[in-house]
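A.B. asks: Input: one structure, supplied below.
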Amino acid sequence: MNQNLSTVSQRSTSAIATNKVLRNTYMLLSLTLLFSGFTAAISMLMNMPPMTYLISVIGGMVIAMFVLPRFANSPAGIGIVFLITGLLGFGLGPILTMYASLPNGGNIITLSLAGTGAIFMGLSAYVLTTRKDFSFLGGFLMVGFLLVLLAALANIFLQIPAMSLMISAVVIMIMSGFILYDTSRIIHGGETNYVLATIGLYMTIFNIFISLLQILGIMGNDD
């Protein structure tokens with residue numbers, strides 16, 4: 001009897017901890033997305049050059065990989081998350097300026113935002129509702145990400161529009177898989193640090209948005 005009560009108590013404690021991580025993750029994610037939008041607007045007002053995007057992405061990735069893990073368990077980790085997401089948002093400014101200058105630019109940006117939100121909320125709701133464990137996707141997603149990264153680097157020199165379209169579509173599929181994987185890890189206790197969980201989900205949203213911009217931009221140019 002006592003053993004059963006202990007088991008129930010442990011499960012309840014685990015569920016409470018998981019819900020806290022999930023709640024904190026979504027709260028911090030919402031704030032970082034708003035902050036990114038703010039820094040992107042500043043970047044657009046300053047009319048930053050296109051090179052800003054590349055510098056910001058490289059800087060954000062370096063900080064996320066080598067600095068954030070050291071502070072993920074301290075209050076400083078939250079500040080570093082805002083630094084990374086603010087930097088990426090600032091780098092997004094020139095990209096948004098470029099797309100806004102297109103004949104259908106406003107619609108492209110709006111549809112990309114709506115599509116990104118729909119993908120994230122739909123997949124997150126699916127995992128939270130079904131409680132399925134998608135941890136098995138980890139290896140496949142990492143291999144797929146490395147392959148598409150190599151293809152993207154190759155296309156920098158090849159400059160093939162059809163290849164760019166295909167790469168963007170594959171990136172959306174891989175990032176969608178990461179949403180399933182990361183959310184599943186949170187609800188099943190595989191990820192207990194909401195700072196790291198936030199930056200992981202932010203990166204997937206960022207990449208989906210960029211990829212949708214590229215797809216809709218290419219299709220708009222074809223029209």
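The values are calculated or read from the model by the stated rules, or taken from the named source; none is laboratory data. Not measured: the values here are computed from a predicted model. When we count neighbours, we look across all protein chains shown, and the Cβ atoms used for this are built from the backbone with ideal geometry, even at glycine.
A.B. asks: Specify which of the listed residues (Leu68, Leu31, Leu113) is at pLDDT 95 or above, crowded, with 18+ Cβ neighbours inside 10 Å and of a type in the set (A, V, I, L, M).
C.D. replies: That would be Leu68, the only listed residue that is at pLDDT 95 or above, crowded, with 18+ Cβ neighbours inside 10 Å and of a type in the set (A, V, I, L, M).
A.B. asks: What are the pairs, 6+ residues apart or on separate chains, where a residue within the stretch 10-35 that is under 16 Å from Asn193 (Cβ atoms) and basic (Lys, Arg) has its Cβ under 9 Å from a residue that is modelled with pLDDT under 95 and not in a helix (DSSP H, G or I)?
C.D. replies: none
A.B. asks: Can you pull out the residues in the stretch 88-103 that are farther than 11 Å from Ile42 by Cα and part of a helix (DSSP H, G or I)?
C.D. replies: Leu88, Ile95, Leu96, Thr97, Met98, Tyr99, Ala100
A.B. asks: May I pose another question? Among the residues of the stretch 165-223 satisfying the criterion of being charged (D, E, K, R) and either assigned to a helix (DSSP H, G or I) or in contact with a Phe, Trp or Tyr (Cβ under 8 Å, 6 or more places away or on another chain) (or both), which is farthest from Leu137 (Cα to Cα)?
C.D. replies: If we take residues in the stretch 165-223 being charged (D, E, K, R) and either assigned to a helix (DSSP H, G or I) or in contact with a Phe, Trp or Tyr (Cβ under 8 Å, 6 or more places away or on another chain) (or both), then Asp222 is farthest from Leu137 (Cα to Cα).
A.B. asks: Are any residues in the stretch 116-127 buried (at least 18 other Cβ atoms within 10 Å of the Cβ) and over 21 Å from Leu212 (Cα atoms), and if so, which ones?
C.D. replies: Result: Val127, single match.
Listed here are the residues, each with its yes/no results for (1) under 26 Å from Ser43 (Cα atoms); (2) of a type in the set (Lys, Arg); (3) more than 18 Å from the chain's Cα centre (by Cα).
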position	(1), (2), (3)
Gly105	yes, no, yes
Thr129	no, no, yes
Asp133	no, no, yes
Leu141	no, no, no
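A.B. asks: Take the residues in the stretch 175-194 that are surrounded by 22 or more Cβ atoms within 10 Å (Cβ to Cβ) and among the β-branched types (Val, Ile, Thr); name whichever of them is farthest from the chain's Cα centre (by Cα).
C.D. replies: Ile186
A.B. asks: Another question about this same structure. Can you find a residue in the stretch 122-134 that is within 28 Å of Pro50 (Cα to Cα) and either among the aromatic types (Phe, Trp, Tyr) or in a helix (DSSP H, G or I) (or both)?
C.D. replies: no
A.B. asks: Please give the number of the condition Asn155 fails out of (1) more than 19 Å from Tyr99 (Cα to Cα); (2) surrounded by fewer than 18 Cβ atoms within 10 Å (Cβ to Cβ); (3) modelled with pLDDT of 90 or more.
C.D. replies: (3)
A.B. asks: Suppose the filter is in contact with a helix residue (DSSP H, G or I) (Cβ under 8 Å, 6 or more places away or on another chain), in contact (Cβ under 8 Å) with a residue 60 or more places away in the chain, surrounded by 14 or more Cβ atoms within 10 Å (Cβ to Cβ) and of a type outside the set (Val, Ile, Thr); does Leu87 pass it?
C.D. replies: Judged against the criteria, Leu87 is not a match.
A.B. asks: Quick one: what pairs do we get from the stretch 128-151, first residue surrounded by 11 or more Cβ atoms within 10 Å (Cβ to Cβ), second not in a helix (DSSP H, G or I), C-beta under 6 Å, 6+ apart or different chains?
C.D. replies: Asp133/His188
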